[in-house]
Amino acid sequence: MIFDNHVHVGWFTDGYHSPKDVWYSELAAGVDGMAVSSTSTCAELYKVVVREMRELIRLGDNRIHPILWLTPTMLKKRYALPYMLHNKVNWKGVKMHWEAHPEWSHNPKLVEKALDVARRIGCPVLLHTGEDKYCHAGFYIGLIKKYADLTFVLAHGRPVDEAIEVLKQCPNSFVDTAFMPMSDLSKIIAKGLSSRVIFGTDAPINRIFYKDLETIDFIRDTICLIQSECPEEANSILSRSVYK
C-alpha cells in the first residue's frame with residue numbers, strides 16, 4: 001500500500017493537469033491512493049475545483065482524498081465557502097499556503113475562520129513550508145500549539161531543523177516528504193521521528209523543475225529513493241496517511 005499525501009490537479013503555470021492524467025500517473029507509478037488539492041483554487045475557480053474533484057472521485061472512488069485549499073478571498077466572499085462545503089465532495093483535509101497568500105500571516109481572524117472549517121469537517125490542516133519568512137516551519141509553532149485539537153501537516157518540512165523542533169514540541173504535527181531531500185528525511189529519522197513522516201510527491205508540480213522527466217517516472221524514482229535510503233522505515237512512511 002502506497003499513499004501519496006501531496007498531489008495537485010488543475011491549472012498551474014505550465015498549463016492544465018487534468019484529473020485523468022494526474023490519477024493515471026499515480027496509478028502507473030504504483031500509488032494506491034492520494035490526497036489531492038487543486039491549484040485551480042489560486043485562480044479562485046471554485047466550480048472548476050469541484051468539477052475536478054468529482055472527476056477524480058469518479059475515477060478513483062474512495063482512493064481519492066480531496067483536500068480543500070482555502071484562500072483569503074474564498075473566505076471573504078459570501079457564496080464561495082458555502083459552495084465549496086455543500087457540493088457533495090467529502091473533503092478529507094484543508095490546506096493553507098501562506099507564501100502564495102501572505103494575508104494569512106497578518107489576519108489572525110481569517111486564520112481562525114479557516115481552522116474552524118477544519119474543525120467542522122473534522123480533518124487535518126496542510127501548511128506549506130519553505131524559506132519565505134511567512135511560511136518557514138518554525139513560524140507556525142505557536143499556531144500549532146494553540147490549536148492542539150487539530151492535526152497539522154508541514155508540507156516539505158522546511159527548514160528541516162525548524163520542522164524537527166515543531167515535531168518535538170507538537171504531538172499534533174506531521175511532515176510530508178514532498179520535494180524533501182533525502183538528507184533532510186534521514187535527519188528526521190535519526191531524531192526518532194519517523195512515525196511523524198508521511199509520503200508526498202507534489203506531483204505533477206515536478207514538471208516545472210524537471211521538464212524532461214515524466215511524472216510517472218518522478219513518482220517511481222521518489223518511491224525507490226525512500227526505499228533504498230530508508231529501508232527500515234520506508235514501508236511505514238509510504239503507507240501512512242492522516243487523511244481518513
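The values are calculated or read from the model by the stated rules, or taken from the named source; none is laboratory data. This is a predicted model, so every value here is computed, not measured. As a convention, Cβ positions derive from the backbone with ideal geometry for all residues, glycine included, and neighbour counts pool all protein chains shown. These accessible areas exclude ligands, DNA and RNA; they are computed on the full protein's heavy atoms, side chains included. Shrake-Rupley method; radii C 1.70, N 1.55, O 1.52, S 1.80 Å.
What the table shows:
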{"quantity": "Cα shape, the chain, gyration tensor, a/c 1.5 rule", "calculated": "oblate"}
{"quantity": "Listed residue pairs exceeding 32 Å between alpha carbons, taken from Lys92/Lys168; Lys88/Lys133; Lys113/Lys211; Lys145/Lys244; Lys76/Lys168", "calculated": "Lys88/Lys133; Lys113/Lys211; Lys76/Lys168"}
{"quantity": "Share, in percent, of DSSP beta bridges within region 1-78 that are antiparallel, nearest 5", "calculated": "25 percent"}
{"quantity": "Ala80 paired with Ser228, simple spin-label distance in nm, labels 7 Å along Cα-to-beta-carbon", "calculated": "4.4 nm"}
{"quantity": "Whole-number accessible area per residue in Å² for the chain, which is evaluated in the context of all protein chains at 1.4 Å", "calculated": "44 Å²"}
{"quantity": "Inter-probe distance in nm under a simple model that places probes 7 Å from Cα toward Cβ, at Gln169 and Leu59", "calculated": "4.1 nm"}
{"quantity": "Listed residues Gly122, Val197, Ser241: farthest to the positive end of the dipole of the chain (Cβ charges)", "calculated": "Gly122"}
{"quantity": "Net length gained if the chain between Thr73 and Ile121 were fully extended (0.36 nm per residue, minus Cα distance)", "calculated": "15.3 nm"}
{"quantity": "Rounded if a/c under 1.5, otherwise prolate or oblate - region 118-244, Cα gyration tensor axes", "calculated": "prolate"}
{"quantity": "Under 5 Å, built H, 5+ apart or other chain: amide partners of Lys95", "calculated": "Leu68, Trp69, Leu70, Leu126"}
{"quantity": "CD proxy at 222 nm, helix term only [per DSSP H run n ≥ 4: -39500 (n - 2.57); per residue of the chain; nearest 500]", "calculated": "-11500 deg cm²/dmol"}
{"quantity": "Fraction of antiparallel bridges per DSSP, the chain only, in percent to nearest 5", "calculated": "10 percent"}
{"quantity": "Percent accessible area from carbon and sulfur atoms, the chain, protein chains only, probe 1.4 Å", "calculated": "52 percent"}
{"quantity": "The chain: most fluctuating residue of Ala163, Ala203, Ala28 per GNM, C-alpha cutoff 10 Å", "calculated": "Ala28"}
{"quantity": "Selection of GluC sites (Glu not before Pro), region 148-244, meeting DSSP coil and at most 15 other Cβ within 10 Å", "calculated": "Glu214, Glu232"}
{"quantity": "Computed label-point distance, nm, for sites Lys88 and Lys191 using a 7 Å Cα→Cβ extension", "calculated": "4.5 nm"}
